[in-house]
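Read the structure below first, then the notes.
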Amino acid sequence: MSELLMVPAHRELNERIHWLIRLRWLAVVGALLTIAGANVLLPDILPIGTLVSIALIIAVYNLFFYLEARKLDRYEFEARYRQSLIMAHAQIILDLISLTLLLHFSGGLENPFMFFYVLHMITASILLSRRASFLYAGLATALFCGMLILEARGIIPHYNLKGYRAPSRYAEPLHVFSVSFALASTLFFTTYFASSIMARLRIKAEKLLEANQACELQVQKLAELNEKLKKADEMRTQFTLLVTHELRAPVAAIHSYLKLILDGYVPPERQREILERSERRAREQLDLIADLLELGRIQQKAAAEKTEPVQIDEVLRSVSDMMRTHAEEKGLTLHIKIDPHIPPVKATQDHIRQVWMNLLSNAIKYTKPGGTVTASVTQNPNYVVGSVEDTGIGIAPEYQAKIFEEFFRTKEAKAMERQGTGLGLSIVKGIVEVYGGRIWVESEVGKGSKFTFILPKIT
């Protein structure tokens, strides 16, 4: 596992850098107090000026780290982590060197504070990887043992704590070895146990983070699902109101016509006219109910499970034969354009027939006499493309986004053709989308409209 992936422990490295800086301020104060106490207990033995200077140097570089740490929050996470990692390494290295210098000028092997190295190993295990912690255990051992060897060989001076330790012990090989071995083993065992505990904690923290992320993802999905359910409920309510309105008006009209007849307000010679009106409104209701049922079946995708290869060009030829008479009666010209070798699509014959029927009947309905209606089938690398183009009344730009909504009809359409449920294009859109396609419209008021749909072809 890379260090960047060790989360959330390393994600908190910035906070731990601040923690280490605060501890170092305490260490500086403690070092100065210890130096003062040692000078009282062992007067005129230690180089107090040098020791105080080292303590002040620690304070200076700690101030530098403090100022740098305040800048970390400006970085992005990965950059902040890298900067924090660099600062952690730099601080531990400087602390080990500083501790070694303090020990050297305050007795070396004779100083019991040599075990402060252990604190740095614990710090390294908390802040850094296991490998880095062992490297610092080795560095601490090398610094301390190197100091002892240099002092024993007389390469650097030894500052004996007179009255506290025998003046010759620092040069006794057995004593040097035993102290070095004791410290080294303590450092490595401490590093092993501390890093092992931290490794387990990091693994558990990572698993906890992954579980938390999974929970957050589920919460987000649930929120999205809840939002979809709210929208679906709003749409259902709106749809119910629209259906109620569309059903209520014709039924009320039929009821009024029949009541006029039953109450004797309609003379016998006009009763047939009123009954024909009632029959026409009833037929409109049946058409509306049929469209509603079909729309419901499409939305449930019930028919999508019984698909088969369908040649939409052949379905167009069949539908155009039926629609041509209607077009000619209205004084329109119907053109059919089909490219050769059109591949099949995965759908049902009935649904493709409904698509062509609705698009062609709309084009004929809203095109004035003398106009033309053109239906075509082409293909591109992935889809079979069907289109119906007319020279009719067109659709204003502000209505084109709504034209596929249930019950929506433009004012121009209502003025030109009173009869219509406003569900035809919704049904077409539902069918096309069920089979993985889409439909759109291009239109200009007064010049006509072109409805184009695509369906994935079977290769």
Identify all residues within region 95-115 that are farther than 19 Å from Tyr61 by Cα, assigned to a helix (DSSP H, G or I), touching a Leu at 6+ places or on another chain (Cβ under 8 Å) and of a type outside the set (Gly, Ala, Ser); write none if there are none. Leu109, Glu110, Phe113, Met114, Phe115
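Go over the candidates Val384, Val388, Val441 one by one and state the one that is at pLDDT 90 or above and touching a Gly at 6+ places or on another chain (Cβ under 9 Å).
Working: Val388 fails: touching a Gly at 6+ places or on another chain (Cβ under 9 Å); Val441 fails: touching a Gly at 6+ places or on another chain (Cβ under 9 Å).
After ruling out the rest, the residue left standing is Val384.
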Exactly one of (1) at pLDDT below 85; (2) part of a helix (DSSP H, G or I); (3) open to solvent by 90 Å² or more (accessible area, probe 1.4 Å) is unmet by Gln220. Its number? (1)
Is it the case that some residue within region 32-42 is open to solvent by less than 40 Å² (accessible area, probe 1.4 Å), out of contact with any helix residue (DSSP H, G or I) (no Cβ under 9 Å at 6 or more places or on another chain) and not polar (S, T, N, Q)? yes
Filter pass, Leu85 being out of contact with any helix residue (DSSP H, G or I) (no Cβ under 8 Å at 6 or more places or on another chain), assigned to a helix (DSSP H, G or I) and over 15 Å from Phe105 (Cα atoms): no
Checking Met121 against (1) at pLDDT 85 or above; (2) under 30 Å from Asp44 (Cβ atoms); (3) open to solvent by less than 30 Å² (accessible area, probe 1.4 Å); (4) among the hydrophobic types (A, V, I, L, M, F, W, C), the condition it does not meet: (2)
Leu135 is checked against (1) among the aliphatic types (A, V, I, L, M); (2) within 15 Å of Leu101 (Cβ to Cβ); (3) in a helix (DSSP H, G or I) and fails just one. What number does that condition carry? (2)
Which one of these does Ile427 not meet: (1) crowded, with 20+ Cβ neighbours inside 10 Å; (2) at pLDDT 85 or above? (2)
Taking region 336-371 and keeping residues of a type outside the set (D, E, K, R) and either at pLDDT 95 or above or assigned to a loop (DSSP other than H, G, I, E, B) (or both) leaves Pro340, His341, Ile342, Pro343, Pro344, Thr348, Tyr366, Thr367, Pro369, Gly370, Gly371
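Applying the selection to region 439-453, what residues are closer than 15 Å to His351 by Cβ and free of Cβ contacts under 8 Å to residues at least 60 places away in the same chain?
Within region 439-453, just Ile439 meets the criteria.
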Can you pull out the residues in region 68-118 that are open to solvent by less than 60 Å² (accessible area, probe 1.4 Å), hydroxyl-bearing (Ser, Thr, Tyr) and under 33 Å from the mean Cα position of the chain (by Cα)? Tyr81, Ser84
Pick from Leu225, Leu229, Leu209, Leu241: which is modelled with pLDDT under 65 and either under 30 Å from Leu275 (Cβ atoms) or of a type outside the set (Gly, Ala, Ser) (or both)? Leu241
All-but-one check, Tyr61 against (1) within 14 Å of Ser98 (Cα to Cα); (2) open to solvent by 80 Å² or more (accessible area, probe 1.4 Å); (3) of a type outside the set (A, V, I, L, M, F, W, C), failing number (2)
Among residues of region 146-164, those that are in contact with a Leu (Cβ under 8 Å, 6 or more places away or on another chain), part of a helix (DSSP H, G or I) and either open to solvent by 20 Å² or more (accessible area, probe 1.4 Å) or closer than 15 Å to Ile92 by Cα (or both), counted: 0
Subset of region 165-187 [in contact (Cβ under 8 Å) with a residue 60 or more places away in the chain, over 55 Å from the mean Cα position of the chain (by Cα) and open to solvent by 30 Å² or more (accessible area, probe 1.4 Å)]: Arg169, Tyr170, His175
Restricting to region 124-140, what's the tally of residues that are open to solvent by 20 Å² or more (accessible area, probe 1.4 Å) and among the hydrophobic types (A, V, I, L, M, F, W, C)? 4
Identity of the residue in region 307-331, among the polar types (S, T, N, Q) and over 16 Å from Tyr435 (Cα atoms), that ends up surrounded by the fewest Cβ atoms within 10 Å (Cβ to Cβ): Thr325
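The values are calculated or read from the model by the stated rules, or taken from the named source; none is laboratory data. Quick caveat, the model's predicted, so the values are computed rather than measured. Here the Cβ is made from the backbone with ideal geometry for all residues, glycine too, and neighbour counts use every protein chain on show. Surface areas here come from the heavy atoms of the whole protein model, side chains and all, with no ligands, DNA or RNA. Shrake-Rupley method; radii C 1.70, N 1.55, O 1.52, S 1.80 Å.
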